[in-house]
1. How about the range 55-78: which of its residues are more than 27 Å from residue 184 (Cβ to Cβ) and either of a type in the set (Asp, Glu) or modelled with pLDDT of 85 or more (or both)?
2. Could you please find all residues in the range 221-245 being of a type in the set (A, V, I, L, M, F, W, C) and farther than 23 Å from residue 51 by Cα?
3. Considering only residues of the range 175-205 that are among the small types (Gly, Ala, Ser) and modelled with pLDDT under 95, which is nearest to the chain's Cα centre (by Cα)?
4. Report, by residue number, each residue of the range 171-197 that is part of a loop (DSSP other than H, G, I, E, B) and touching a Gly at 6+ places or on another chain (Cβ under 9 Å).
5. What tally of residues in the range 211-247 results from selecting those that are modelled with pLDDT under 90, under 22 Å from residue 47 (Cβ atoms) and either open to solvent by 70 Å² or more (accessible area, probe 1.4 Å) or among the acidic types (Asp, Glu) (or both)?
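The values are calculated or read from the model by the stated rules, or taken from the named source; none is laboratory data. All values reported here derive from a predicted model rather than from experimental measurement. Because the Cβ atoms are built from the backbone with ideal geometry, glycine has one as well, and the counts that use them run over all protein chains shown. We work out accessible area using only protein heavy atoms, side chains counted, and drop any ligands, DNA or RNA first. Shrake-Rupley method; radii C 1.70, N 1.55, O 1.52, S 1.80 Å.
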Amino acid sequence: MTKHNLHHDKTNAVLATALLAGLSLTSTLQAESRLPETGKRIPGTDIALEARLSTAYALNEYLNPFDLRVDVEKGRVTLRGSVPSDVQRWLAERLAQNFGPAAGVDSQLKVEPVIGDATPSELYRLVEDTNITTRVQLRLLWNQTTGDQPIRVSTSDGRVQLTGSASSEKARASAETLAAMTTGVRAVENALEVKPEAEASASDTQAHLTLDRTDAGIAQRLRNSLHFDTRVPARDIDAEVRDGAAILKGQVESEAQRAQAGTIASRLIGVNSVDNRLLVETQREQQG
């Protein structure tokens, strides 16, 4: 066996283990796409299914760096693009088969191995940078202040650069704060220009308008927003949405964390009020 093949097999073995673990986040997204009262999947158009599956790929750190395109017609999913290994192709197909009210999956994915001597650590750095970019982009899209701003995000070695324009100093500052407080971000270069007349591109506007406005969709974005933020212990927070009202339950370590979780919820598109029932550790001890 050549050195190159040995290296390739070792990298794939490491990826295979990690990819299986990566199913958990998408499984959460699948569960959130079902009505909690009945366990049935929420009926949706082809566009809605396409958007949910595309989001699942975007949030999966082992798939989002790659060229995956999703088309849905009459409930049947067609996958196109390329991935670097059979393992990643299997994962993409598995997620599509188990996600949403799909009538079937036609996989046209190609396996195109990465050529070169990249080490596993270098590959994971690339994956993590793309994952960071996705987290920041989603947080900007979901935020009431930045959701319709023409902002571009790029990441290199954990350092995020924001380019494009913002319609106000508030939007510019909000974008920088959201990026800086996103998991994995080491530094932020804010190169946004303030242009009061700035308008989102057609694609940005379309993404903004097609956000799932159901309570389940808003709750999904809220949980992910909490999970992406470095300032709050997302695992200790239970978030749900009823008629646009966000309800936060659980326990946090400080009043600052409690307030920050409430702020994240209040600034999310689709949330019209916040019922913050989070308890600070000292409060829970007193109640006990």
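1. Of everything in the range 55-78, those that are more than 27 Å from residue 184 (Cβ to Cβ) and either of a type in the set (Asp, Glu) or modelled with pLDDT of 85 or more (or both) turn out to be 71, 72, 73, 76, 77, 78.
2. The answer is 232, 234, 237, 245.
3. 184
4. 184, 185, 186, 191, 192 - these are the residues of the range 171-197 that are part of a loop (DSSP other than H, G, I, E, B) and touching a Gly at 6+ places or on another chain (Cβ under 9 Å).
5. The total comes to 2.
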